[in-house]
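The values are calculated or read from the model by the stated rules, or taken from the named source; none is laboratory data. Since we're looking at a predicted model, the values are computed, not measured. As a convention, Cβ positions derive from the backbone with ideal geometry for all residues, glycine included, and neighbour counts pool all protein chains shown. Surface accessibility is based on the protein's heavy atoms, side chains included, excluding ligands, DNA and RNA. Shrake-Rupley method; radii C 1.70, N 1.55, O 1.52, S 1.80 Å.
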Amino acid sequence: MATRTDAPTRREQILKEAARLFAERGFHGVGVDEIGAAVGISGPGLYRHFPGKDAMLAELLVGISGQLLTGAKRRVAEADGNPSEQVLDSLIEGHIDFALDDRPLITLHDRELDRLRDSDRKLVRQLQRQYVELWVDVVREVYPSLAEPTARSAVHSVFGLLNSTPHLARPGSLPGRATSAALLHRMARGAFEAAGA
């Protein structure tokens, strides 16, 4: 999701490889030595950056929830008077970027959220609720006839649709990125249209 063009820091490299490995083999199926090897340092060298695997998992899951919320708030703020439909399209585009570019984090969230400490899990849930409510507000501006509970259900349904990309993991199972993004966008808008009909 990051738009930076400079090289990732060692910490970011570690998190990226940890996410990939955790998603592929599960949190308990990966050791610190394997994560270290993936970024060219010793397993014990990871402890200069993180106290342990639990801290990596927490930073990954809390971090992506925070990034999604921050990005959505920025998109809404940048709308500055644009029609609500354009704001909704921008939110959809932002989530599609996440769904296509950070697929391991979706898998990680689905499988490993319960492994977080209670405080970290509560923080993830709090950030996610804020993200959902931001979407609900925009969806209800576009479809004013939608009751709040229906709009919330529609938002969760669209997230389920967009977050299904990790289940298409076979090589060649997704068309090119631009084609996939356009398809997901049409499907998301179609789902909201159906809910608002």
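For the range 64-85, a residue qualifies if it is modelled with pLDDT of 95 or more and loosely packed, with under 15 Cβ neighbours inside 10 Å, and the qualifying residues are Thr70, Lys73, Arg74.
Looking across the range 6-31 at every residue that is within 17 Å of Arg48 (Cα to Cα) and in contact (Cβ under 8 Å) with a residue 40 or more places away in the chain, the one that is most open to solvent (accessible area, probe 1.4 Å) is identified as Leu15. In the range 138-150, which residues are hydrophobic (A, V, I, L, M, F, W, C) and more than 18 Å from Leu69 (Cα to Cα)? If the condition is that a residue be hydrophobic (A, V, I, L, M, F, W, C) and more than 18 Å from Leu69 (Cα to Cα), then Val142, Leu146, Ala147 are the ones that fit.
Within the option set Leu116, Leu108, Leu57, Leu88, being in contact (Cβ under 8 Å) with a residue 24 or more places away in the chain, aliphatic (A, V, I, L, M) and under 15 Å from Tyr131 (Cβ atoms) holds for one residue only, Leu88. Evaluate the range 105-112: report whether one residue or more is open to solvent by 70 Å² or more (accessible area, probe 1.4 Å), assigned to a helix (DSSP H, G or I) and either on the phi > 0 side of the Ramachandran plot or not aliphatic (A, V, I, L, M) (or both). Yes: the range 105-112 contains one or more residues that are open to solvent by 70 Å² or more (accessible area, probe 1.4 Å), assigned to a helix (DSSP H, G or I) and either on the phi > 0 side of the Ramachandran plot or not aliphatic (A, V, I, L, M) (or both).
Among residues of the range 175-189 that are closer than 12 Å to Leu100 by Cα, those with a Cβ under 6 angstrom from a residue that is surrounded by 13 or more Cβ atoms within 10 Å (Cβ to Cβ) and at pLDDT below 90, sequence gap 6+ or separate chain, pair up as Ser180/Leu174. The set of residues in the range 1-60 being assigned to a helix (DSSP H, G or I) and over 20 Å from Thr107 (Cα atoms) consists of Arg10, Arg11, Asp33, Gly36, Ala37, Val39, Pro44, Gly45, Leu46, Tyr47, Arg48.
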